[in-house]
Amino acid sequence: MSGSLEQFLNDLSRGLERTMVAVNKELTLRNRIQRSWSMRQCARFLDVSYQYLTKFANSHTDFPTGNYVGRERVFTLIELMHMRALLAASAKKPYDYLAWRTPGSPLPVISFASQKGGTAKSLTAAHFAQYLSLHYGMRVGVMDADPQSTITLYFVGGEGLPAMPDENTATMVDFAGLFQSEESSWTEHDAETLDTFFLKTSWPGLRLLPAHGDTSEGEIQIARLVRENPSGKSFYRYLRDSIERWRDHHVPKTAPNDLVEDGKVNRSKLDSALHETLDCIIIDYQPALTLFQLNNVIASTSLIIPQTMKGFDIATLSTFVTGLLGMLKHILAHERIDIGQGPNMLLPTIVQRTNEQDLNQVSNLLENCPAEILPVFYLRSDAIANASDVYQSVYEYEPDTPGKRKGINRFITNADAVNDAIVARLWPGKERGYAAAWMDNFYEDDEEDAA
Ligand SMILES: Nc1ncnc2c1ncn2[C@@H]1O[C@H](COP(=O)(O)OP(=O)(O)O)[C@@H](O)[C@H]1O
Ligand SMILES: [Mg+2]
């Protein structure tokens, strides 16, 4: 029976392809963004009081009309962006409403990475990206470095949106220029071409560089380039160089208070401003420490390590940390290069409140590496399973029964707190106090439990 594994894999692969066609159809037909938000919720996203926003709405004819669901007026994501533009136009600090980069300011590249699977990397990255859009109107670039395409699934599907990426869709491997061309053993795409690789999503200004099975080619291509070593280009600089090339040609030009003319938001100006640049890039990793992932690390200004808190998980984390450190030392011995100069942090995830081992692990870490670990973290939630099943964040997900609403709301509070804590480190002064409120609550409850 020689070659039976080959036969098996061949047949299975054909069967899976047929299965994927059915899955893709389902995803494409799904109506992605059903969600809209009430005036009260919009006020919270905009960080103004409900009273202020209602008054503002009544005195501005160009305020979005929204839609009535029963007696409540609700607004879509683009209407929320429209509100931001309108508020920014008359604000003392326009950047409070659209937290866009100013000309000349650096571009944060934030990586969510760990060597272990199932540590909520993708969930954390997706929620962070959407949080920045909802609360700050930021233009976020999401890059999927995992051939399993988890974070891609959070953003694709639905009418007018990119369908499931297939082998013709550009991925990070293309962005990094890792494929051979006729003239060269890798491809230096110009900035405009790189920009076309980002796909629009249903989140205004949030663009996706998706992944699919072929993303695993990245590793093979880097191995080839290491062997060939064309013109001595460093094997760890492919993504970094591409991002820098894109960045230097996509500088922020439009200011948040440039979008209103004669009391009206110029929607085509808003639309082009939403796509002229990005305010940050978020990379969701494959659970591995490979040369491709190393390229991502070298391109990043910040590393966030989402990590579960079981005993063995900490051992895997140590392996990842020492492995990465070894690679960095090797690189720094050869080249003076700034790597990860922004804030870096460890984020505990899926922490089970009723599990003593989990809580002990968190407090040990807080004691032994107080500066590195975030004191706000993701608690395990059963409610998230329903949303995860359809690859929706809790920000998007609308439960079909009111009973499920409670658990989702609790998770939103948790996600807001974690995201606020990350914002506080990345953009000090921009935080909203959700992290502080969560900590008061969590650590106070803890004391009660102890008493
Ligand atoms: N706080 C949580 N509570 C319960 N389940 C969670 C939580 N965070 C993530 N999960 C689940 O764990 C699984 C792995 O999450 P994912 O983000 O895909 O991890 P990774 O990207 O690290 O592999 C998913 O099914 C997700 O829904
Ligand atoms: Mg993942």
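Quick note: the coordinates plus some simple rules give every number you see, no bench work behind them. Note that this is a predicted model, so its numbers are computed, not measured. All Cβ positions, glycine included, derive from the backbone under ideal geometry; neighbour counts span all protein chains shown.
Counting alpha carbon pairs within less than 8 Å and at least 6 residues apart, what relative contact order, in whole percent, applies to the stretch 98-450? Walk me through the numbers before you get to the answer.
Values: 584 pairs, mean separation 77.9, N = 353.
Relative CO of the stretch 98-450 lands at 22 percent.
Read phi for every residue in the stretch 189-194 and hand back ³J(HN,Hα) as whole Hz from Karplus 6.51 cos²θ - 1.76 cosθ + 1.60, θ = phi - 60°, with x for Gly and Pro.
Rounded to whole hertz, the list is 5, 6, 4, 5, 4, 4.
Find which of Val74, Pro428, Leu206 sits farthest along the positive direction of the dipole of the chain, computed with +1 on the beta-carbon of Lys and Arg, -1 on that of Asp and Glu, about the Cα centre.
Val74
So, with +1 on the Cβ of K and R and -1 on the Cβ of D and E, and no other charges, what is the size of the charge dipole of the stretch 163-261 about its Cα centre, to the nearest 20 debye? Please list the in-between numbers first.
Values: 10 positive and 18 negative charges, 80 e Å.
Dipole about the Cα centre, nearest 20: 380 debye.
Using the Karplus equation 6.51 cos²θ - 1.76 cosθ + 1.60 (θ = phi - 60°), what ³J(HN,Hα) coupling, rounded to whole Hz, does each residue of the stretch 65-80 give in order, writing x for Gly and Pro?
Rounded to whole hertz, the list is 6, x, 9, 8, 10, x, 9, 9, 8, 10, 10, 8, 4, 6, 5, 5.
For Ile373, enumerate residues with amide H under 5 Å from its amide H, sequence gap 5+ or separate chain, H modeled in the peptide plane.
Sorted by chain and number, the residues that satisfy this are Leu346.
Could you list the trypsin sites (Lys or Arg not before Pro) in the stretch 83-135 that lie in coil according to DSSP, counting only those with at most 14 other Cβ atoms within 10 Å of their Cβ?
Lys92
Apply the Karplus parameterisation 6.51 cos²θ - 1.76 cosθ + 1.60, with θ equal to phi minus 60°, to every residue of the stretch 120-125 and state each ³J(HN,Hα) to the nearest whole Hz, in sequence, with x for glycine and proline.
Values per residue, Gly and Pro as x: 6, 4, 5, 4, 5, 5 Hz.
So which of Lys200/Lys264; Lys253/Lys329; Lys93/Lys200 end up more than 31 Å apart by C-alpha?
Beyond 31 Å: Lys253/Lys329.
How big is the convex hull of the Cα atoms of the chain, per residue, in Å³?
Taking only Cα atoms, the chain has a hull volume of 186 Å³ per residue.
What is the local net charge at Ser49, summed over the other residues whose Cβ is closer than 12 Å to its Cβ (Lys, Arg +1; Asp, Glu -1)?
On the way: positive: Arg40, Arg44, Lys55; negative: Asp47.
Net local charge, Ser49 excluded: +2.
Of Leu12, Ser388, Tyr50, which is farthest towards the positive pole of the chain's charge dipole, taken about the Cα centre with +1 and -1 on the beta-carbons of Lys, Arg and Asp, Glu respectively?
About the Cα centre, the residue reaching furthest to the positive side is Tyr50.
Check cross-link reach from Lys116 to the lysines: straight Cα distance under 21 Å, and skip same-chain residues fewer than eight apart.
Within reach: Lys310.
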